[in-house]
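Asks: Mind having a look at this structure? Questions to follow.
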Amino acid sequence: MPAPVSKPDDPALLRIEGAIATITLNRPAAFNSVNLAIAQKLEQLAAYIEGDDAIKVVVIEGEGRAFSAGGDLQTIGAAAEANTVTPVVGELLKHYHAFIEILRRMPKISLSSVHGSAAGAGMGLAFVTDLCIAADDAKFTPAYAKIGVSPDGGSTVGIVGTVGSRRALQIFLAEDNFTAQQAYEWGLVVKTVPATELKAETRQLAERLAQNPPAAIAGTKSLVYAAANTPVKQQLDAEEHKIIMAMNTEEFRLAVKKFTSKSK
């Protein structure tokens with residue numbers, strides 16, 4: 001299956017460099033807010049990345065001044081006025097949530113690279129990825145409660161699993177916004193860097209992650225996400241299965257030979 005060809009006016013762009021794929025949210029005039037077109041494109045790009053065995057890491061970034069302002073309130077507001085919220089938002093979230101599902105299940109590491117504002121579903125996207133790196137001046141805005149709605153776009157999936165229920169309730173109901181430093185202290189961001197260094201630091205981290213063999217990435221991600229809700233015996237059996245699978249790869253055999261030769 002050939003890689004999708006990105007055109008400059010596509011709502012999301014795909015760039016592949018070696019083992020690293022980069023998805024760029026590309027609605028800068030709308031602060032990369034999520035409408036149906038971008039949701040459909042994101043689902044398409046994620047499906048391709050999931051099926052490409054050569055890709056180990058996917059980076060998600062935003063074009064322009066913001067990472068993402070969340071759901072497109074112009075579209076959603078018009079639907080509310082026309083009493084068509086259920087079909088309009090239902091169709092939007094069908095594709096956007098399918099994109100999130102692929103990110104979480106794919107045997108690859110997803111890394112969000114956040115600058116400017118990440119609000120609502122944009123904040124959710126930043127933290128539903130496996131890891132997040134942020135510019136030190138980035139700002140995260142829950143936004144949901146202020147407009148009288150509950151979270152979507154994977155927001156509770158990524159945040160609750162990281163910070164727990166009490167901190168999540170604080171974030172969604174008691175915080176107008178919070179800084180990259182706070183997100184780092186709460187474990188939501190792996191590191192903060194100067195805004196001018198974000199692209200270079202993101203690339204460096206992505207390259208570091210891509211050095212891991214595919215079996216290590218796939219097995220570790222699967223086990224980590226299953227651990228919280230899996231009985232101990234079942235989790236231990238899964239650990240056994242995954243590590244034996246990884247030990248039957250050429251990457252493991254070469255790594256062990258290299259390690260044992262050094263220890264002699």
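Asks: Which one of GLU91, GLU240, GLU175 has the biggest mean-square fluctuation once the chain is modelled by GNM with Cα springs under 10 Å?
Replies: Result for the chain, Cα springs under 10 Å: GLU240 fluctuates most.
Asks: For region 207-264 and region 76-132, what is the centre-to-centre distance using only Cα atoms, to the nearest Å?
Replies: First find each Cα centre; the distance between them is then 30 Å.
Asks: Between GLN211 and VAL149, what FRET efficiency comes out of the Förster formula 1/(1 + (r/R0)^6) with R0 = 25 Å and r the beta carbon distance, rounded to 0.05?
Replies: Once rounded, the FRET efficiency stands at 0.05.
Asks: Assuming R0 = 35 Å, can you tell me the calculated FRET efficiency for the pair ALA29 and GLU81, based on Cβ-Cβ distance, to the nearest 0.05? All intermediate terms of the calculation are to be shown ahead of the outcome.
Replies: Working: r = 22 Å, r/R0 = 0.64.
About 0.95, to the nearest 0.05.
Asks: Computed on alpha carbon atoms, what radius of gyration and Dmax characterise region 71-161, expressed in Å?
Replies: Radius of gyration, then largest Cα-Cα span, for region 71-161: 13.9, 41 Å.
Asks: Now for a different question. If you take the charge dipole of the chain about its Cα centre, with +1 on Lys and Arg Cβ and -1 on Asp and Glu Cβ, which of ILE76, VAL157, MET106 is farthest toward its positive end?
Replies: Ranked along the dipole, the leading option is MET106.
Asks: Rounded, prolate or oblate: which fits region 12-211, taking a ≥ b ≥ c as square roots of the Cα gyration tensor eigenvalues, rounded meaning a/c under 1.5, else prolate when a/b beats b/c? Mind dumping the intermediate values first?
Replies: Working: a/c = 1.63, a/b = 1.20, b/c = 1.36.
Judged from the Cα gyration tensor, region 12-211 comes out oblate (a/c at least 1.5, b/c at or above a/b).
Asks: Obtain the nm distance between the two label points defined at GLU197 and ARG253 by a simple spin-label model: each point lies 7 Å from its Cα along the Cα-to-C-beta direction.
Replies: 4.2 nm
Asks: I need two numbers for region 191-264: Rg to one decimal and Dmax as a whole number, Cα atoms only, in Å.
Replies: Values for region 191-264 (Cα only, Rg and Dmax): 16.7, 47 Å.
Asks: Moving on. What fraction of the DSSP beta bridges in the chain is antiparallel, stated in percent and rounded to the nearest 5?
Replies: Just about 25 percent of them are antiparallel.
Asks: Still on this structure, please answer the following. With bins 10 Å wide starting at 0, give me the P(r) of region 124-254 over every alpha carbon pair, in whole percents.
Replies: Final binned percentages: 11, 32, 30, 21, 5, 0.
Asks: Ok, one more. Relative contact order for the chain: what percent, with Cα pairs under 8 Å and sequence separation of 6 or more?
Replies: Working: 446 pairs, mean separation 41.3, N = 264.
For the chain, the relative contact order is 16 percent.
Asks: While we're on this one: I'd like the FRET efficiency for ASN177 and ARG65, computed as 1/(1 + (r/R0)^6) with the beta carbon distance as r and R0 of 22 Å, rounded to 0.05.
Replies: Values: r = 16 Å, r/R0 = 0.72.
Efficiency at R0 = 22 Å is approximately 0.90.
Asks: Follow-up question, since we're still on this one. Which whole-number percent is the relative contact order of region 117-184 (Cα, under 8 Å, 6+ apart)?
Replies: Numbers: 88 pairs, mean separation 28.8, N = 68.
Over region 117-184, the number comes to 42 percent.
Asks: Strictly over 30 Å apart at the Cα level, which of LYS94/LYS146; LYS199/LYS257; LYS108/LYS191; LYS41/LYS242; LYS41/LYS199; LYS7/LYS199 would you flag in this model?
Replies: Numbers: LYS94/LYS146 24 Å; LYS199/LYS257 36 Å; LYS108/LYS191 20 Å; LYS41/LYS242 32 Å; LYS41/LYS199 23 Å; LYS7/LYS199 22 Å.
Table pairs above 30 Å Cα-Cα are LYS199/LYS257; LYS41/LYS242.
Asks: Going by average Cβ density within 10 Å per residue, which order do the peptides 9-15, 140-146 take, highest to lowest?
Replies: Working: 9-15: 17.7, 140-146: 19.7.
Going from most to least packed, we get 140-146, 9-15.
Asks: Shape call for region 114-174 from the C-alpha gyration tensor, a ≥ b ≥ c root eigenvalues: rounded (a/c under 1.5), prolate (a/b greater than b/c) or oblate?
Replies: Numbers: a/c = 1.65, a/b = 1.24, b/c = 1.34.
Taking the square roots of the gyration eigenvalues as a ≥ b ≥ c, region 114-174 is oblate.
Asks: Put PHE259, PHE172 in order of accessible area, largest first, 1.4 Å probe: what do you get? All intermediate terms of the calculation are to be shown ahead of the outcome.
Replies: Details: PHE259 145, PHE172 25 Å².
Putting PHE259, PHE172 in descending order of accessible area: PHE259, PHE172.
Asks: For the chain, report the accessible area per residue in Å² (1.4 Å probe, heavy atoms, rounded to an integer).
Replies: Numbers: 13860 Å² over 264 residues.
Ligands and nucleic acids excluded, the result is 52 Å² per residue.
Asks: Then there's this: Treating only the Cβ atoms of Lys and Arg (+1) and Asp and Glu (-1) as charged, compute the dipole magnitude of region 46-143 about its Cα centre; round to the nearest 20 debye. Each step should come with its number before you reach the end.
Replies: Working: 7 positive and 12 negative charges, 36 e Å.
Dipole about the Cα centre, nearest 20: 180 debye.
The values are calculated or read from the model by the stated rules, or taken from the named source; none is laboratory data. Worth saying up front: this structure is predicted, and the values here are computed from it rather than measured. Neighbour counts are summed over all protein chains in view; Cβ atoms, including those assigned to glycine, are modelled from backbone coordinates with ideal geometry. Remember, those area values only see protein heavy atoms, side chains included, never the ligands or the DNA or RNA. Shrake-Rupley method; radii C 1.70, N 1.55, O 1.52, S 1.80 Å.
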